[in-house]
Every structure is written in C-alpha cells, then in structure tokens.
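Here the structure is laid out as structure tokens; the discussion comes afterwards.
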Amino acid sequence: MSYEGFEEYLCEEGHLTTCDTMSDIPLLCEAGVNIASICGKRIVWNRSIDTTNGYDEDDMNMNKDKLEVAVGAIYQTYSSCNHMELVSDIRYKIPREQGYLIPDEEGNVYQFQENKS
Ligand SMILES: [Zn+2]
C-alpha cells in the first residue's frame, strides 16, 4: 500500500500552509495578513500527516498533535451587508519539538528533528 498524506508548514509568523505530499516545498508564506497583502515570511516548520489508513475531520479534531492556536483569524464585517471578509489568517504556535525546517537564502532546505524524549 502506498503512502498517502499531506504536509503542514508554518511560517515564522505561525501561518499554516497545507500541501499535497508530492508538491514542492513552499519557501514563503502566502497567508493573508490584511485585505491587500500576503505575509511573505519564510516557512520554518513542517510535518507530515499520514492518511494511508484513512483520515477524516473527526481524526483531526481528536488529534492530540493538533496545532495550538496563537492568534485567531481576524475578520472584518461590513455593516451594510453583514458580509465578513478575512483580514488576517489564523496563527499557530510553532511546535519546534516536532521538528522544523529552515530554508536558506539560496532556497536549500535543511530539515531536522529535535530529540524526542
Ligand atoms: Zn505567514
């Protein structure tokens, strides 16, 4: 049975990017930080989520390794129409004990795992 899964990446600011495992590693964050612009900070953390044996929303909600929210998403509501627009993406605490990666200026990526006790 072949491996199935996806990758989670966090930038320096804690924005989450998820990608298919076969996708290229993102180097810069594309999360929104206000209505007009994206974050652009470097990706500094990554982990793989294995879905080979199935995966659904309940698994994610039960997942003890779920990322911890540092700052919630910020929305702006337009009073005229009650339309809500995302202003700033949710930010997570970077769980450095779960390994992280550091892309350098040339785009080389160094990935390592801190000792787990
Ligand atoms: Zn970011």
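Every condition in (1) at pLDDT 80 or above; (2) among the hydrophobic types (A, V, I, L, M, F, W, C); (3) part of a strand (DSSP E or B) is met by L101 except one, and the failing one is (1).
Scanning segment 36-55 for residues being among the small types (G, A, S), part of a loop (DSSP other than H, G, I, E, B) and either in contact (Cβ under 8 Å) with a residue 24 or more places away in the chain or within 16 Å of the ligand (Cβ to nearest atom) (or both) gives a total of 3.
For C11, only one of the following conditions fails: (1) modelled with pLDDT under 80; (2) within 25 Å of E85 (Cα to Cα). What is its number? C11 satisfies all of (1) modelled with pLDDT under 80; (2) within 25 Å of E85 (Cα to Cα) except (1).
Counting only residues that are surrounded by 17 or more Cβ atoms within 10 Å (Cβ to Cβ) and of a type in the set (G, A, S), segment 24-47 holds 2 of them. Of everything in segment 3-23 that's in a loop (DSSP other than H, G, I, E, B), charged (D, E, K, R) and surrounded by fewer than 17 Cβ atoms within 10 Å (Cβ to Cβ), which residue is nearest to the ligand (Cβ to nearest atom)? Step by step, filter segment 3-23, then rank; the result is E12. Among the residues making up segment 24-35, those that are touching a residue at least 40 places away in the same chain (Cβ under 8 Å) and either more than 16 Å from the ligand (Cβ to nearest atom) or part of a loop (DSSP other than H, G, I, E, B) (or both) are I25, L27, A31, V33, N34, I35.
The values are calculated or read from the model by the stated rules, or taken from the named source; none is laboratory data. These figures come from a predicted structure and were not determined experimentally. All Cβ positions, glycine included, derive from the backbone under ideal geometry; neighbour counts span all protein chains shown.
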